[in-house]
Amino acid sequence: MKWFIPFISATVAAFIIYLVLSVGTAGETNSILLWSVPELILGLSLSIITGLLCRKLWQGKRYTMANPLRWLLLAVYIVPFVIELIIANLTVAWKIITGRNIHSGIIKLTPGLKTDAGVLLLSASITYQPGTATVDINERTHELYIHCLDIGREPKEAIEPGKIFANINLVKWIRRITE
Amino acid sequence: MIEELIVIFVVTSIVFSALGVAGLFRFPDFYTRIHAAGLVGSFGVLFAGLAVLLYAYLLYAAGEPVWFNYGAHVLFALAIVVVTATTSTHAIASSAYRSGNTPKRLVVDALEQDKLKMMAPEETRK
């Protein structure tokens, strides 16, 4: 039974991706909702094969993200993330146009997140914003090493978790989502 | 109204992509160029996707049945681009630092003193 939950989750994920890719294949007859029946059968069998192949890749121990409420919060998280994304894009675009105020450096961030999912979400958020990119992660202490385009003139090695984003404290959001 | 909005989104996407390419040539070293390329991956792609989504809405309003294909595929492509752009940026930056390409003009490098600890093999890191 140890392989059962990874098998089920991999199968469901593969089947959802197949459904999205093959949407709109419904014909006049022999179809359920938006998909034709042969397409559904083929997709289901392919995703079962995928699940069987991928069941041993799972190394997780926690199931905190299995709660659907957390996924709802993750969808709400897009709003502050996009606001930060707009600010970061305009800042970097202005720096490209003027060519000034580039004081790049690699700084250390200790977010204090406990779960792997939280660190993954935080480092992905940081990397997707232009102007900051995660260079390395210490997997034991969950410290991030971040390359910033502009960290100011005075050298400082570490940064507080709230200061890495421009206006909104996304670390607090991520802690609320994953812990 | 919506057609003009589509044109505005496409133009915004082109402008940010062009700025990203310009940044590739203007910025001094490897790591700062990553941020310029990130501009293409975020606003360049997102606004192009938004334009196609609005076009799908136009098709929906006109009663065409293919609107769902456009919408679902673009949403899926946006999600895939967000995930893969993030992963590849991190992979490139991490492998560049580990292969000895240190940044040129640097105010501070916090990773340098922890480098020995970080570069160690997986077993000793745990």
### Summary
1/(1 + (r/R0)^6) with r = Cβ-Cβ of A:ILE32 and A:LEU73, R0 = 45 Å, i.e. FRET efficiency to nearest 0.05, evaluates to 0.90
### Summary
Exposure proxy check on A:ARG100, B:ARG33: fewest-to-most Cβ neighbours within 10 Å is A:ARG100, B:ARG33
### Query
For the range A:59-88, list residues with backbone N below 18 Å from a point placed 7 Å from the Cα of A:LYS172 toward its Cβ?
A:73-74, A:76-85
#### Entry: Shape category assigned to the protein assembly as shown from the gyration tensor of Cα positions, a/c cut at 1.5
oblate
### A:LEU46-B:LEU53 pseudo-label distance in nm [points 7 Å out on the Cα-to-Cβ vector]
2.6 nm
### Task
Measure off 7 Å from each Cα along the Cα-to-Cβ vector at A:LYS56 and B:VAL7, then give the distance between these two points in nanometres to one decimal.
5.9 nm
### Task
Could you list A:LEU40, A:LEU53, A:LEU170 in order of exposure, starting from the residue whose Cβ has the fewest other Cβ atoms within 10 Å?
A:LEU53, A:LEU40, A:LEU170
### Task
Could I have the simple spin-label model distance between B:PHE30 and A:THR141, label points 7 Å from Cα toward Cβ, reported in nm to one decimal?
2.5 nm
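Quick one: order B:HIS90, A:HIS147, A:HIS103 by neighbouring beta-carbon count within 10 Å, fewest to most.
So the residues, fewest neighbours to most, are A:HIS103, B:HIS90, A:HIS147.
Every number here is computed from the coordinates shown, using simple stated rules; none is lab data. Remember, it's a predicted structure, so these values are computed and weren't measured experimentally. Ideal geometry is used to build each Cβ from the backbone, glycine not excepted, and the neighbour counts take in all protein chains shown.
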